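The values are calculated or read from the model by the stated rules, or taken from the named source; none is laboratory data. Model, not experiment: these values are computed from the prediction. Glycine gets a Cβ as well: all are built from the backbone with ideal geometry, and neighbour counts include every protein chain shown.
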Number of protein chains: 2
Amino acid sequence: MRELLVELGERTYPIYIGEGLLNAAGDLFTQRGISAKSPLMIITDENVVAQGHLDKLQAVLIAAGFKVVTSVINPGESSKSLLVLEKLIGQALEEGLDRKSTIVALGGGVVGDLAGFVAASYMRGIKFIQVPTTILAHDSSVGGKVAVNHPMAKNIIGAFHQPELVLYDLETLQTLPKREVSAGLSEVVKHGLIWDEEFVSWCDENAERLTALDADALGYALFKGCSVKAAVVSKDERENDLRAILNLGHTIGHALEAVAGYGELLHGEAISIGMVGAARLGVKLGASEEVYTVTKRVLSRVGLPVKLPPHLDTDAIMEAMLHDKKFMEGTIVFIVPVEIGKVEINKSVSAALVREIVEQLKQEAV
Amino acid sequence: MRELLVELGERTYPIYIGEGLLNAAGDLFTQRGISAKSPLMIITDENVVAQGHLDKLQAVLIAAGFKVVTSVINPGESSKSLLVLEKLIGQALEEGLDRKSTIVALGGGVVGDLAGFVAASYMRGIKFIQVPTTILAHDSSVGGKVAVNHPMAKNIIGAFHQPELVLYDLETLQTLPKREVSAGLSEVVKHGLIWDEEFVSWCDENAERLTALDADALGYALFKGCSVKAAVVSKDERENDLRAILNLGHTIGHALEAVAGYGELLHGEAISIGMVGAARLGVKLGASEEVYTVTKRVLSRVGLPVKLPPHLDTDAIMEAMLHDKKFMEGTIVFIVPVEIGKVEINKSVSAALVREIVEQLKQEAV
């Protein structure tokens with residue numbers, strides 16, 4: 001088992017990564033002081049249930065003396081809505097969850113974001129545990145950003161609400177579809193690109209082991225990815241400055257997701273295209289050509305798209321970007337690579353330049 | 001102008017109380033570093049608009065260089081819903097509010113709670129200013145509790161989100177209906193009952209001046225009420241222990257509001273009846289009879305009900321109490337007076353005893 005801490009003063013919490021960790025959930029929850037008197041609610045989705053993870057976690061927790069209630073949502077981004085939030089809070093009330101209760105998110109990023117916002121807002125905040133079951137969720141489960149979507153914009157209604165712990169059982173990743181494996185590796189590569197050149201080289205060399213879900217490679221990559229995330233979040237919990245670097249690829253990526261209608265492109269795929277765009281922008285602003293070629297090569301090797309689907313409307317993409325949270329006081333905030341493993345926060349990128357990049361991304365050779 | 005500070009470390013903020021303070025809003029906002037570059041959104045209700053306060057505040061802020069957008073909701077508790085939240089967040093997006101924007105709540109408790117939760121959740125939290133226009137809001141506008149209702153329970157979806165400042169213009173209180181004046185004084189009296197015997201005597205002696213909206217008396221009473229609230233919140237921002245004393249009268253009161261259907265009883269009226277119940281409970285548990293007689297007398301003198309409407313069903317009231325946030329790990333948490341100006345947090349009050357009190361409250365002489 002690998003362990004690391006997200007250092008946040010009195011909100012510091014551990015991340016555990018290892019094979020078969022669901023079996024240790026009872027002990028790890030108890031160690032962290034989770035109440036066995038108040039009901040604990042596991043929120044998960046139908047896919048996770050079908051894979052047997054809910055049955056397993058539930059059995060382990062009941063055996064450890066917890067009062068467990070469960071709630072199963074439909075998989076997919078459309079569940080991240082205020083309507084589903086209201087239903088879950090109704091269920092929490094019916095099941096008697098109180099201020100000492102805990103919400104456990106068992107699933108990918110959608111489950112984590114939604115369940116986390118239930119925990120953040122129910123009775124103005126109760127405890128919360130992340131049990132990610134996708135690679136992508138190594139990113140969303142660390143750092144305390146939780147949210148639901150508004151019909152007009154993604155993740156716009158939310159909170160900063162740190163979990164009590166993150167429990168990552170590598171066995172739950174073995175059943176992931178190939179496309180989701182690649183999409184998840186997008187954020188892993190991102191953590192290298194913003195912080196750790198050596199780790200980018202490692203990903204470049206180990207791309208095949210990663211896409212084949214080699215347990216050793218995967219455990220190491222998730223540990224490295226979570227470590228970068230934890231280091232950044234520890235320095236800037238509420239995104240006053242540094243934390244914004246985690247948004248590499250997201251300015252364009254979020255806009256693509258919005259325009260493609262939350263479904264055509266997986267989050268990791270949209271971010272991959274966004275990172276290629278950011279690398280192109282970096283080169284235009286003075287970085288070496290290598291920033292672009294390496295970024296594109298590593299992302300391709302882990303099975304990700306690097307070209308923007310040409311049928312997506314450029315005007316619509318630009319419009320979506322202006323509704324993004326990264327638009328502030330009249331300026332687009334862009335994360336721009338300056339070399340591999342290093343980015344800068346650039347607040348003076350013109351909309352015209354971004355539009356040019358978007359057009360180029362439609363021509364990208366694959 | 002009276003000024004006091006709510007001491008909360010880096011979240012410390014000032015409360016200003018005085019006549020004609022709306023005219024100073026521009027200066028006070030600027031002093032607190034509110035951005036004039038990003039749009040600022042005033043959320044208010046139709047009643048406040050009818051009284052001319054919105055026009056006044058808007059003109060003052062525009063003259064001071066702020067970009068002002070406004071949103072007017074229907075008055076009343078039914079606006080504290082996720083549906084209205086979603087609409088307001090949609091409007092914030094349309095108007096281009098960004099992470100440096102500020103939400104201003106101009107109105108009573110409903111506007112403050114709702115606008116506060118918009119500010120807490122929009123982009124995971126933006127700045128927030130309270131401009132209360134009711135007496136009751138002296139309570140809700142201080143301390144950072146914000147929320148909307150769920151069909152099953154009041155204030156169950158929310159956050160702790162402290163304002164940047166509270167601006168209390170006594171002139172806005174002059175148009176309040178008589179019934180709302182009394183309802184507002186309920187929380188003023190409560191702040192005396194939990195913390196300050198001398199202030200309870202003062203309320204007893206000055207009840208007529210208060211209900212007649214004498215500016216001197218009102219300014220003093222609101223300053224005292226806010227001071228007690230600020231002192232308690234400073235010691236326990238997130239209601240881990242002490243802050244619970246602010247719930248005097250609320251265990252029964254919230255249940256009455258829920259059963260009466262959020263409308264028959266104003267919040268302050270329900271809390272008044274709840275405080276008489278809590279005083280009865282205190283006497284049963286050993287406090288002097290005076291605790292009950294003084295509590296009831298002061299509340300009557302400021303024009304509040306002290307008898308529970310007999311048609312409200314006792315079973316339904318008990319059921320509603322069990323869905324309250326104050327129910328924790330299987331126990332009702334009750335705030336019980338031990339003497340005038342002092343209460344204790346009692347976690348061992350039996351449901352049977354509470355039921356007995358509810359029945360007695362239906363027989364209360366008026």
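Can you go through A:ILE62, A:ILE129 and tell me which one is within 26 Å of A:GLY26 (Cβ to Cβ) and in a strand (DSSP E or B)? Lay out the reasoning, then the answer.
Details: A:ILE62 fails: in a strand (DSSP E or B).
Just one listed residue meets the conditions, A:ILE129.
Residues in the range B:142-185 that are surrounded by 24 or more Cβ atoms within 10 Å (Cβ to Cβ), away from every other protein chain (no Cβ under 14 Å) and in contact with a Phe, Trp or Tyr (Cβ under 8 Å, 6 or more places away or on another chain): B:PRO163, B:VAL166, B:LEU167, B:TYR168.
Kindly indicate the residue of the range B:231-268 that is small (Gly, Ala, Ser) and crowded, with 23+ Cβ neighbours inside 10 Å and also nearest to B:LEU185 (Cα to Cα) among those meeting that condition. Full working, then the answer.
Our first condition is that a residue be small (Gly, Ala, Ser); within the range B:231-268, this holds for B:231, B:234, B:244, B:249, B:253, B:255, B:258, B:260-261, B:263, B:268.
From the residues that got through so far, the ones that are crowded, with 23+ Cβ neighbours inside 10 Å too are B:249, B:253, B:255, B:268.
On the way: B:GLY249: 14, B:GLY253: 15, B:ALA255: 20, B:GLY268: 7 Å.
Ranking the candidates gives B:GLY268 first.
If we scan the range A:279-288, do we find a residue that is of a type in the set (Val, Ile, Thr) and surrounded by 22 or more Cβ atoms within 10 Å (Cβ to Cβ)? No: zero hits.
Return the residues of the range A:236-267 that are within 24 Å of A:ASP196 (Cβ to Cβ), among the hydrophobic types (A, V, I, L, M, F, W, C) and out of contact with any Lys or Arg (no Cβ under 9 Å at 6 or more places or on another chain); say none if nothing qualifies. Result: A:ILE245, A:ILE252.
Report whether or not B:ILE332 is among the hydrophobic types (A, V, I, L, M, F, W, C) and out of contact with any strand residue (DSSP E or B) (no Cβ under 7 Å at 6 or more places or on another chain).
Details: among the hydrophobic types (A, V, I, L, M, F, W, C): yes; out of contact with any strand residue (DSSP E or B) (no Cβ under 7 Å at 6 or more places or on another chain): yes.
Yes, satisfied.
Considering the range A:123-140, the residues that are in contact (Cβ under 8 Å) with a residue 60 or more places away in the chain and buried (at least 24 other Cβ atoms within 10 Å of the Cβ) include one that is nearest to the other protein chains (Cβ to nearest Cβ), namely A:ASP139.
Residues that are of a type in the set (Ser, Thr, Tyr) and within 17 Å of B:TYR168 (Cα to Cα) within the range B:21-59 comprise B:THR30, B:THR44, listed in sequence order.
Matching residues to (1) surrounded by fewer than 22 Cβ atoms within 10 Å (Cβ to Cβ); (2) away from chain A (no Cβ under 14 Å); (3) of a type in the set (D, E, K, R):
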{"residue": "B:SER272", "(1), (2), (3)": "no, yes, no"}
{"residue": "B:ARG301", "(1), (2), (3)": "yes, yes, yes"}
{"residue": "B:LEU308", "(1), (2), (3)": "no, yes, no"}
{"residue": "B:ILE335", "(1), (2), (3)": "no, yes, no"}
{"residue": "B:VAL343", "(1), (2), (3)": "no, yes, no"}
{"residue": "B:VAL349", "(1), (2), (3)": "yes, yes, no"}
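The single condition among (1) assigned to a loop (DSSP other than H, G, I, E, B); (2) at pLDDT 95 or above that A:ILE271 does not satisfy is (1). Each residue in the range A:40-72 was checked for being within 14 Å of another protein chain (Cβ to nearest Cβ) and either farther than 25 Å from A:ILE15 by Cβ or of a type in the set (Val, Ile, Thr) (or both), and 1 of them qualify.
Among the residues in the range A:97-105, are any away from every other protein chain (no Cβ under 14 Å), under 25 Å from the mean Cα position of the chain (by Cα), in contact (Cβ under 8 Å) with a residue 12 or more places away in the chain and buried (at least 22 other Cβ atoms within 10 Å of the Cβ)?
The answer is yes, given that some residue of the range A:97-105 is away from every other protein chain (no Cβ under 14 Å), under 25 Å from the mean Cα position of the chain (by Cα), in contact (Cβ under 8 Å) with a residue 12 or more places away in the chain and buried (at least 22 other Cβ atoms within 10 Å of the Cβ).
The sole residue among B:VAL283, B:VAL306, B:VAL366, B:VAL336 that is among the β-branched types (Val, Ile, Thr) and assigned to a helix (DSSP H, G or I) is B:VAL283.
Among residues that are touching a residue at least 12 places away in the same chain (Cβ under 8 Å), within 25 Å of A:ASN240 (Cα to Cα) and facing chain A (nearest Cβ under 9 Å), B:GLY116 is not included. Put simply, of A:GLY125, A:GLY96, A:GLY143 the only residue that is out of contact with any Ser or Thr (no Cβ under 6 Å at 6 or more places or on another chain), at pLDDT 95 or above and outside the structural domain of A:LEU322 (by TED's automatic domain parsing) is A:GLY125.
Look at (1) touching a residue at least 60 places away in the same chain (Cβ under 8 Å); (2) within 14 Å of another protein chain (Cβ to nearest Cβ); (3) not in a loop (DSSP other than H, G, I, E, B) and you find that A:LYS87 fails only one, number (1).
Can you tell me how many residues in the range A:73-84 are within 14 Å of chain B (Cβ to nearest Cβ) and part of a loop (DSSP other than H, G, I, E, B)? First the steps, then the outcome.
Here is the first cut: in the range A:73-84, the residues within 14 Å of chain B (Cβ to nearest Cβ) are A:80-84.
Restricting the remaining residues to those that are part of a loop (DSSP other than H, G, I, E, B) gives A:80-81.
The number of residues fulfilling the criteria is 2.
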